Amino acid sequence: MSKAIRFHENGGPDVLRLDDVQVGDPGPGALRLRHTAIGVNFVDTYQRSGLYPVPLPQVAGSEAAGVVEAVGEGVEGFAVGDRVAYTGVLGAYCEERLVPSDRVVTIPDGISDEQAASMLLKGMTVQYLIHRTYAVAPGETVLWHAAAGGVGLIACQWLRALGVTMIGTAGTDEKAALATAHGCTHTVVYTRASFVDRVLEITDGRKLPVVYDSVGASTWEGSLDCLRPRGLMVSFGNASGAVPPVSIGVLAAKGSLYLTRPTLGTYIATRAELVDTAASLFEVVLSEKVRIVTTRRYPLAEAAQAHIDLEGRRTTGSVILVP
């Protein structure tokens with residue numbers, strides 16, 4: 001039996017329960033993993049609350065690192081004892097589990113299990129956002145909301161390495177200072193200053209080619225106002241709530257804007273895309289241009305508290321559960 005955090009109904013963090021689950025042997029194309037570190041991400045709270053519906057009952061989470069304990073028939077490229085990681089496969093908040101081998105990547109030497117569990121979803125999200133959703137170029141200026149969050153701190157470093165000027169928003173002076181320390185060029189504490197006014201000031205009124213917004217409802221209108229004509233609005237999260245239905249005419253009125261609502265799953269849908277995206281992330285981390293530091297650790301049994309702290313904006317950087 002394996003200990004796992006499950007929710008049997010949607011709701012707040014209190015619906016998370018520590019259960020015993022049967023694991024079994026891996027079937028064809030699968031691996032059995034023993035987890036060493038489990039990533040905690042905002043998407044986990046969306047699934048728990050029901051904002052993103054998932055089958056019930058459900059083991060929470062979708063990202064972890066661990067060791068291969070058994071290999072199913074037909075699996076190539078993995079052996080017992082390999083250190084591996086994955087993201088985007090529901091059922092991660094547990095000690096052991098089965099996982100499809102085509103969704104798993106090998107952790108290279110020089111990267112710890114904690115780092116892998118802390119960065120795969122967040123880091124690959126940054127990778128596709130800045131290289132494929134909108135390919136940033138040296139000398140450009142972008143706006144990134146929640147700059148002190150797990151995704152934001154990786155973006156701060158990666159954009160700096162690419163020669164991009166980043167304007168980042170944060171909720172407190174402490175979070176703004178953290179973003180600055182990680183390479184954010186300009187920070188705006190949105191609780192007391194207008195990020196729209198600050199963007200206009202920094203760009204001399206020219207505005208921006210792209211805005212990266214994982215906050216959602218509370219920043220939607222302002223984000224659109226920061227874009228130059230034909231700019232791209234990248235809405236990739238809902239930390240403050242989902243963006244309400246809007247008329248697409250607003251995009252015309254604000255300058256023939258483009259809008260996309262991307263997900264990591266679409267960008268790593270094939271095995272080749274997953275491997276290439278992970279390799280790009282591992283490369284920039286091994287080069288030390290991007291440093292991955294786990295900022296909070298919770299025992300697996302305290303997953304509910306991790307969700308309370310995450311939703312209460314009391315965390316920065318990367319949060320993990322330790323089985």
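The values are calculated or read from the model by the stated rules, or taken from the named source; none is laboratory data. The shown structure was predicted, so the numbers you read here are calculated from the model rather than taken from an experiment. For neighbour counting, all protein chains shown are included, and Cβ atoms are generated from backbone atoms with ideal geometry for every residue, glycine included.
Structural remarks
- Among the residues of the range 49-71, those that are of a type in the set (Gly, Ala, Ser) and in contact with a Ser or Thr (Cβ under 7 Å, 6 or more places away or on another chain) comprise Ser62, Ala65, Gly66.
- Evaluation of Val80 against the conditions (1) of a type outside the set (S, T, N, Q); (2) free of Cβ contacts under 8 Å to residues at least 60 places away in the same chain; (3) not assigned by TED's automatic domain parsing to the domain that holds Arg6 shows that the sole unmet condition is (3).
- Which listed residue is assigned by TED's automatic domain parsing to the domain that holds Gly255, among the small types (Gly, Ala, Ser) and touching a Cys at 6+ places or on another chain (Cβ under 9 Å), from Gly183, Gly216, Gly222: Gly183
- Selection from the range 100-132 of residues that are of a type in the set (Val, Ile, Thr) and within 29 Å of Gly74 (Cα to Cα): Val104, Val105, Thr106, Ile107, Ile111
- Within the range 80-127, the residues that satisfy the criterion of being part of a loop (DSSP other than H, G, I, E, B) and among the acidic types (Asp, Glu) are Asp82, Glu95, Asp109.
- Criterion violated by Pro55 - all others in (1) in contact (Cβ under 8 Å) with a residue 12 or more places away in the chain; (2) surrounded by fewer than 23 Cβ atoms within 10 Å (Cβ to Cβ) satisfied: (1)
- Looking only at residues in the range 284-319 that are in a strand (DSSP E or B) and of a type in the set (Val, Ile, Thr), the one that is surrounded by the most Cβ atoms within 10 Å (Cβ to Cβ) is Val319.
- Wholly enclosed helices (runs of 4 or more DSSP H) of the range 145-237 bearing at least 1 residues under 18 Å from the mean Cα position of the chain (by Cα) and modelled with pLDDT of 95 or more: 150-161, 173-181
- Qualifying residue in the range 266-283 (condition: buried (at least 17 other Cβ atoms within 10 Å of the Cβ), modelled with pLDDT of 95 or more and in a loop (DSSP other than H, G, I, E, B)): yes
- Residue list for the range 210-250, restricted to those being among the polar types (S, T, N, Q) and within 21 Å of Ala170 (Cα to Cα): Ser214, Ser218, Thr219, Ser223, Ser235, Asn238, Ser240
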